[in-house]
Amino acid sequence: MTFGAVTADGRARVLADGHQMPILGLGIWQVPDGAECVNAVRWALDLGYRHIDTAQAYGNEESVGQALRDSGVPRQEVFVTTKFYPGRRKDPVAEAEKSLRRLGVDQVDLYLIHWPAGGPTWAWPGMERARELGLARSIGVSNFSAGELEDVIAAGTIPPAVNQVQFSPREYRRALLEACQQQKVAVVAYSPLGTGRHLADKTVDRIARRTGRTPAQVLLRWCLQHDLLVIPKSTHRERIAENAQIFDFALSGEDMAELDALDRTNGTDRALERKWWR
Ligand code: A2P
């Protein structure tokens, strides 16, 4: 199958490297290591999620590993993403090995450079090496603008399969999405609910009432209809369940246009309005 194609069950997309990635995943940014994280991941797996998105910087990889083992879901059925912490210019290979030990797995499905600290290209050879060594099945980036993505593609042997960025109707980075699509880089939307802030938006609420869905479902469905993959975060079982009910309805062209118009980035090709690194 070609890049971007949706699998027959409607639940995964094909990456440019040929591997499949579930469209829905659980985000666990800011969930501390321990029972809260283990429970959230366990509930997600019980409720049918097949992608868990963690990172070295989150400090909760051990809980993800614990929940994976406790769940009884076969390892090969769960897509695990982790991210290289680029803060102190460490070696992506050595850091991947540590992640695998914490997660208790032989390989992650996706390994991303968490953000382009110190420039977009220096860590990429190490990411490629991690892939060659079988530590990661696919590799990619996160928080990369269109220009940074171009740089890493020009410098590398293989292109990133994924760019994970903050994306929602209010952060509708149209030019970045188009650049990624042109380069066959799948876009994963983090903070698709605006870390909860967009749930109270009037337009979102109106469309939720019109469609008989919840605001969270409307925001996530908007992402799906823009061909994005999504990783909403929640530590509440009922919300984790609610956020998975997004494959059985569609937003109309009018709904989509109203949501598109909420963009406050002016259709930017940047990944963030403000960088938190130098
Ligand atoms: P909690 O983890 O307490 O359930 P985002 O995915 O954009 O980062 O948003 C995550 C935030 O939105 C979290 O604060 C989470 O709270 C909240 N949240 C996630 N799903 C829902 C939902 N279905 N309804 C209300 N709030 C939600």
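The values are calculated or read from the model by the stated rules, or taken from the named source; none is laboratory data. The shown structure was predicted, so the numbers you read here are calculated from the model rather than taken from an experiment. Quick reminder, even Gly has a Cβ in these numbers, built from the backbone with ideal geometry, and neighbours come from all protein chains shown.
Can you find even one residue in region 180-201 that is crowded, with 16+ Cβ neighbours inside 10 Å, part of a helix (DSSP H, G or I) and within 12 Å of the ligand (Cβ to nearest atom)? Yes, region 180-201 contains at least one residue that is crowded, with 16+ Cβ neighbours inside 10 Å, part of a helix (DSSP H, G or I) and within 12 Å of the ligand (Cβ to nearest atom). When Arg264, Arg174 are screened for being in contact (Cβ under 8 Å) with a residue 40 or more places away in the chain, touching a Lys or Arg at 6+ places or on another chain (Cβ under 6 Å), surrounded by fewer than 19 Cβ atoms within 10 Å (Cβ to Cβ) and of a type in the set (Lys, Arg), only Arg264 passes.
Does Leu133 satisfy the criteria of being of a type outside the set (S, T, N, Q) and buried (at least 21 other Cβ atoms within 10 Å of the Cβ)?
Values: of a type outside the set (S, T, N, Q): yes; buried (at least 21 other Cβ atoms within 10 Å of the Cβ): no.
Considered against the rule, which asks whether it is of a type outside the set (S, T, N, Q) and buried (at least 21 other Cβ atoms within 10 Å of the Cβ), Leu133 comes out as no.
Out of Gln217, Gln225, I need the residue that is surrounded by fewer than 17 Cβ atoms within 10 Å (Cβ to Cβ) and closer than 23 Å to Thr7 by Cα. Which one?
Details: Gln217 fails: surrounded by fewer than 17 Cβ atoms within 10 Å (Cβ to Cβ).
Just one listed residue meets the conditions, Gln225.
Please go through region 23-54 and pick out each residue that is closer than 29 Å to Pro159 by Cβ and either touching a Leu at 6+ places or on another chain (Cβ under 7 Å) or crowded, with 22+ Cβ neighbours inside 10 Å (or both). Listed by number, the residues that qualify are Ile23, Leu24, Gly25, Leu26, Gly27, Ile28, Tyr49, His51, Ile52, Asp53, Thr54. Taking only region 227-246 into account, find how many residues are part of a strand (DSSP E or B) and either near the ligand (Cβ under 8 Å from one of its atoms) or among the hydroxyl-bearing types (Ser, Thr, Tyr) (or both). Count: 1. Among residues of region 206-222 that are more than 11 Å from Ile246 (Cβ to Cβ) and within 12 Å of the ligand (Cβ to nearest atom), those with a Cβ under 7 angstrom from a residue that is of a type outside the set (A, V, I, L, M) and at pLDDT 95 or above, sequence gap 6+ or separate chain, pair up as Ala208/Thr214; Ala208/Pro215; Pro215/Asp205. Only a single item in (1) closer than 21 Å to Tyr111 by Cβ; (2) away from the ligand (no atom under 12 Å from the Cβ) is not met by Gln166, and it is number (2).
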